[in-house]
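Written below as structure tokens is the structure these notes are about.
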Amino acid sequence: MTDIAHFPVSIEFFPPKTPEGVEKLRRARLQLYALKPEFCSVTFGAGGATQEGTFNTVRDILAEGVNAASHLSCIGATRAKVSEQLAILKTMGVKRLVALRGDLPSGFGTGGEFQYASDLVAFIRFETGDDFRIEVAAYPEVHPQARSPQSDLQAFAAKINAGANAAITQYFYNADAYFRFVEEVDALGLNVAVVPGIMPIASSTQLMRFSDACGAEIPRWIRLRLQSFGDDTASIKAFGLDVVTDLCEQLRAGGAPGLHFYSMNQSVATLEVCHRLGL
Ligand code: FAD
């Protein structure tokens with residue numbers, strides 16, 4: 001097992017929409033750098049909606065001397081557009097991408113030239129060879145649009161076979177789902193690191209809203225406990241820290257190759273969990 005002090009951590013941000021948000025995120029990042037993250041990644045809006053904000057935030061992270069990964073989503077995009085984005089990222093000195101399909105808001109036709117994230121991974125490899133390390137998304141609790149768990153696993157394998165190097169999971173609070181998924185990936189001989197995505201619990205309503213949208217299951221006992229705290233944010237945070245720290249401990253003890261924190265542009269919860277883990 002990896003020595004705890006050297007257990008790899010990565011941290012995800014989203015691009016802020018206002019100058020105040022940019023400043024707030026800068027302060028959060030500087031605090032989170034105390035964890036010596038292996039890299040920090042920045043999400044990318046489907047349809048390229050946040051492209052400028054994503055690239056600006058990635059530039060800021062690189063300028064702060066930290067490895068940065070840009071997310072890149074392909075839904076609704078043309079090959080020419082993605083090619084242009086890859087050229088910009090290369091010029092910026094980005095070496096790492098998180099390649100995704102993305103989700104368009106309902107009512108939008110895709111109108112794009114990519115159907116699945118595996119098409120994007122293949123295109124990035126075709127266009128840029130080995131210039132980028134590519135991570136892809138994984139779903140231990142099964143992607144909400146998957147025809148079946150088996151077809152979702154095949155879709156995951158297709159992304160790896162198209163040239164992805166590693167994966168980051170959707171967040172979950174049930175460690176067994178992760179361990180089972182990793183077993184299935186290993187049984188296919190895929191030989192890739194599957195890093196668990198960790199969502200610290202800071203607000204009950206925010207968590208419920210996100211989880212309903214992305215298909216992450218909040219176990220009944222966690223949901224009920226959170227509901228029972230009502231507006232008592234101190235109790236929600238204390239409970240959330242206990243639950244997430246326990247989960248991370250189980251994951252690390254079970255052989256997870258690292259932890260990827262969905263920071264939600266906040267530093268406190270991620271720092272506290274890592275502090276409790278001794279990271
Ligand atoms: P895919 O791997 O293409 O899978 C999408 C669906 O299609 C799945 O149900 C899969 O089973 C199915 N499928 C794939 N291939 C096939 C096939 N050949 N035949 C049949 N079915 C198939 N979204 C953003 O917009 N921006 C972000 O920055 C972003 N970052 C993320 C980071 C992480 C770590 C994770 C886990 C998710 C992120 N997302 C982001 C959300 C993601 O875009 C959505 O979950 C999206 O719905 C699926 O993207 P994907 O890359 O997993 O797609």
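The values are calculated or read from the model by the stated rules, or taken from the named source; none is laboratory data. Not measured: the values here are computed from a predicted model. Positions of Cβ are backbone-derived with ideal geometry, glycine not excepted, and every protein chain shown enters the neighbour counts.
Among the residues of the stretch 178-217, how many are over 15 Å from Leu241 (Cα atoms), buried (at least 17 other Cβ atoms within 10 Å of the Cβ) and aliphatic (A, V, I, L, M)? Going through the stretch 178-217 one residue at a time, the tally reaches 7. Taken together, the residues in the stretch 116-144 that are outside any strand (DSSP E or B), of a type outside the set (Ser, Thr, Tyr), surrounded by fewer than 21 Cβ atoms within 10 Å (Cβ to Cβ) and away from the ligand (no atom under 13 Å from the Cβ) amount to 6. Look at the stretch 204-233: where a residue is farther than 16 Å from Gln170 by Cβ and a partner is at pLDDT 95 or above and surrounded by fewer than 16 Cβ atoms within 10 Å (Cβ to Cβ), sitting 6+ places away or on another chain with Cβ atoms under 6 Å, you get Phe229/Ser235.
Considering Phe210, Phe261, the condition of being closer than 21 Å to Ile11 by Cα, assigned to a helix (DSSP H, G or I) and within 16 Å of the ligand (Cβ to nearest atom) is satisfied by Phe210 alone. Taking the stretch 145-170 as the range and being more than 7 Å from the ligand (Cβ to nearest atom) and not in a helix (DSSP H, G or I) as the test, the residues that pass are Ser148, Ala162, Gly163, Ala164, Asn165, Ala166, Ala167. Within the stretch 50-76, residues that are farther than 10 Å from Val94 by Cβ and within 10 Å of the ligand (Cβ to nearest atom) reach partners that are at pLDDT below 95 and among the β-branched types (Val, Ile, Thr) with beta carbons closer than 7 Å, at six or more positions or on different chains, in the pairs Ile75/Thr110.
Got a number for residues in the stretch 171-182 being within 16 Å of the ligand (Cβ to nearest atom), part of a helix (DSSP H, G or I) and closer than 14 Å to Ile198 by Cα? It would help to see each step written out before you state the result.
Filtering the stretch 171-182 for residues within 16 Å of the ligand (Cβ to nearest atom) gives 171-174, 177-178, 181-182.
If we keep only those that are part of a helix (DSSP H, G or I) as well, we get 177-178, 181-182.
Filter once more, keeping what is closer than 14 Å to Ile198 by Cα: 177-178.
Residues that pass the stated criteria total 2.
Which is closer than 28 Å to Ile4 by Cα and in contact with a Lys or Arg (Cβ under 9 Å, 6 or more places away or on another chain), of Arg29, Arg96? Exactly one of Arg29, Arg96 is closer than 28 Å to Ile4 by Cα and in contact with a Lys or Arg (Cβ under 9 Å, 6 or more places away or on another chain), namely Arg96.
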